[in-house]
Amino acid sequence: MVLRCFLGIIGLLKNSLKNGLFPVLLGITLPLQAQKIDSLQNQLQTAKPDTHRVSMLHDLSYAYWLGGDDSLAIRYGTQSVNLAKKLGFLPGEGKARLHLTRIEADRMIDLTGAFAQLDTVLRIAAKLKDRHMEAETYIRKAQLLETNLARQPEIMPLYDQAKAIFVNLGDKSWQGTVFNEKARFFTRSGDFSKAVEFLLKARQLQEEVNDLRALRSTLPNLGVAYSALGLYREALRAFDDAEIVAKKRNDKVLTAFLLNQRAEIFEKQGNYAAALKTLTQAADIHKTTRTAYWLPKTYSRMGRVYIQLKDYGNALKYTQLGDKLFQDVVDSDNFLDHVVQLNYAKIALARKQYRRVIDYASKGVEWAEESDPPLLPEAAEYHRLLAESYEMTGQIDQAYVHYKKFKAESDSLLNKESLQKATAATLNYEFDKQQQQQKLSIQKLENENLAQTRNLLGALLLLGAGILSFVFWNNRRLRTRNEELARKNAEIEAALYRGQTMERKRVASELHDNVATRVSALKWRYEAFDTSQFDADQQTEHARLLEHIGEIYDDIRSVSHNLMPDVLEKSGLQAALIKMADTLNVQNRTRFQLELEQSGADVRGKTAYELYAITLELVNNILKHAKARQANIALVRQDGFLTLVVQDDGQGFRQAGRSNGIGLQNIQSRLDRLGGSCQISNREQSGTLVQVRVPIAG
């Protein structure tokens, strides 16, 4: 259940202004209600006469009630009841009747009809076996009995019955509502200590279920009750907690209300500058939210603060502004704002306008003493003003009468205030003690959780250490295995190279000792032929055969030599390339130049042989295809790579079929074994440029 604020609600305004109730807030402003009403009215035009329409009529009644229009609220609530009865929709009928009863609790016009509504709701709840509806009925009945002095003893048992049902249902939010209602009951009688006790219970339950809508009423009211007891520190703390709720809900109305309450505390503490600043902030919010009731109240309070500062010009300005706005909201014949009335009287007293003081104070004291319960602080202040004014006008008898009443009511207030403060101190001590016990329980629980967390973290650390140790051991094992595999691969490659070297030597020896010898013998036999008997053609053919045999012999010697040159094995790549160039420059038309710079002096083994074979392949291509006059061979070592550059000034390299030649395939195969790369390009003017790049240590 949601309790309404003063905002534009006529019935509650009457009770609050004449009975001195402290505010009970709701987070719905009149503009928002107007928007909701328009939306519901539009939907209602097309709604069918079914259970959904019953709910819409109820919502419309609720919206009008919040907006202060009780007559329309009753009209649509009654329509909701009638349609629900026609449809046999008991839950909707019970809900609508409960709402009509809530409206009557404000109006207090047809109490007999309201009690009859509740009797019907109880029968509906029994048919439906709806304990929640039954409990709500007890709350509504207690609200109706609040103004019946003869039946006051029935109120608390009704609230207790409702609470017992909500406890049984496990509904903490509605349990909190019951405690709020109890707090409201004790506030009416001025027992703020008891109100604080129930508000604290309501707060605890509402916080457990995170009921922000209920907390936005409970927390501010708790602060107001603390403030009434003079416990300003606790009041400001409650207002701070309420401000958190306001921010979560983006509730400007609540924020402005809290500013008003803080300002009142600042005023009581004599901090008038802070009070004015805070009230100005509240007024700015009231203007934007169009809260018609609270803006004039805020201006009136600003006038009261200016009176304390003896700035009577501003005091009158803001009091009149608040009075005018207030008269626009309510009927002045039925309502009296005591802040405005007291402000006028005090300003008149300061200006020595004693007749006006007597007029304002006489009217005010009549209203204050007729309130139920009487407004003792306001009544006492009116009697003080009357006593001073009558004394200044020479009416000593009247002054004495009002002075006695002022003293009597002041003493009553002091006694009541002292009792309440003593009770509040005890309550505060018990509350602090309870909080301390809760803190100890929380600390104990936190320590237990900390120990569990520590044990869990320890286990996780041990597990993590075990996993890390396994990972480290496994990585080391894998690294050792990889190193062993690399070593074995190196041994295999070395053995393979040695085997290949031995095979090359054997093949070279076979070519040189056997094949070359036989070709040489064949050449000698052809040279020994008597060619004097040969005709010209035979002599030409004989000479051509001898030339071919000589070429074959030279090729065999060259192949046998290049399969495994002695200088390559003994002196390295650089010496082998020098000897190759010298040999080429003697036998061929193409002139070969070397640029070595000691780059290959220490290159031996597999790398030396593969690069030598690649160079030989490239040289053969130049001699066979390039028709070049000059060629360059360069060997450069840089950044961990050995680069072999072979270029010529011949006719260039044909792009078509570049990758299909056996020679190039052989070169690529050798580079794959070395992990190297090859780039072939035609030079801009003429010739071919080949760059071979292989990694090398050192």
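The table below gives the values:
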item	result
Neighbour net charge for residue 544 - beta-carbon separation under 11 angstrom, K R +1, D E -1	-4
Highest to lowest packing among 664-673, 170-179, scored as the average C-beta count within 10 Å	170-179, 664-673
The stretch 65-198: relative contact order in percent, alpha carbon pairs under 8 Å with at least 6 residues between	15
Share, in percent, of DSSP beta bridges within the stretch 566-698 that are antiparallel, nearest 5	80
Listed peptides 394-406, 223-235 by packing density, highest first (mean Cβ within 10 Å)	223-235, 394-406
Dmax and Rg, reported as Rg then Dmax, of the stretch 571-695 (C-alpha, Å)	13.7, 39
Ranking of 40, 545 by count of other Cβ atoms within 10 Å, fewest first	545, 40
Farthest toward positive dipole pole in the stretch 571-695 [+1 Lys/Arg, -1 Asp/Glu at C-beta], among 580, 621, 682	621
Residue order, fewest to most surrounding Cβ atoms within 10 angstrom, among 55, 469	469, 55
Amide hydrogen neighbours beyond the local backbone of residue 642, cut-off 5 Å, H modeled	694, 696
Whole-Å distance, taken between Cα centres, linking the stretch 259-314 and the stretch 116-195	36
Spatially proximal lysines relative to residue 627 (Cα-Cα < 24 Å; intrachain offsets below 8 disregarded)	579
Proximal lysines relative to residue 407, as straight alpha-carbon distance under 18 Å, when same-chain residues fewer than 8 apart are discounted	416
12 Å beta-carbon shell around residue 395, net charge (K/R +1, D/E -1)	-2
Sum of side-chain charges, residue 628 neighbourhood, beta-carbon under 12 Å (Lys, Arg +1; Asp, Glu -1)	+4
Order of 472, 641, 89 - criterion: other Cβ atoms within 10 Å of each residue's Cβ, fewest first	472, 641, 89
Overall Cα dimensions of the stretch 141-225 - principal axes, largest extent first, Å	38, 31, 17
The stretch 58-132: radius of gyration and largest Cα-Cα distance (Dmax), Å	11.9, 34
Entries in 95/194; 36/324; 310/352; 48/86 that, when Cα-Cα distance is taken, lie over 20 Å	95/194; 36/324
Amide proton proximity set for residue 591, modelled H, under 5 Å, gap of 5+	630, 631
Relative contact order computed over the stretch 571-695 (Cα-Cα under 8 Å; 6+ residues apart), in percent	23
Segments 315-324, 348-357 sorted - mean Cβ within 10 Å per residue, highest first	315-324, 348-357
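Here, each number is a calculation from the coordinates, and none is a lab measurement. What you see is a predicted model; the values in this text were computed from it and never measured. Heads up, the Cβs are rebuilt from the backbone with ideal geometry, glycines too, and the neighbour counts pull from every protein chain shown.
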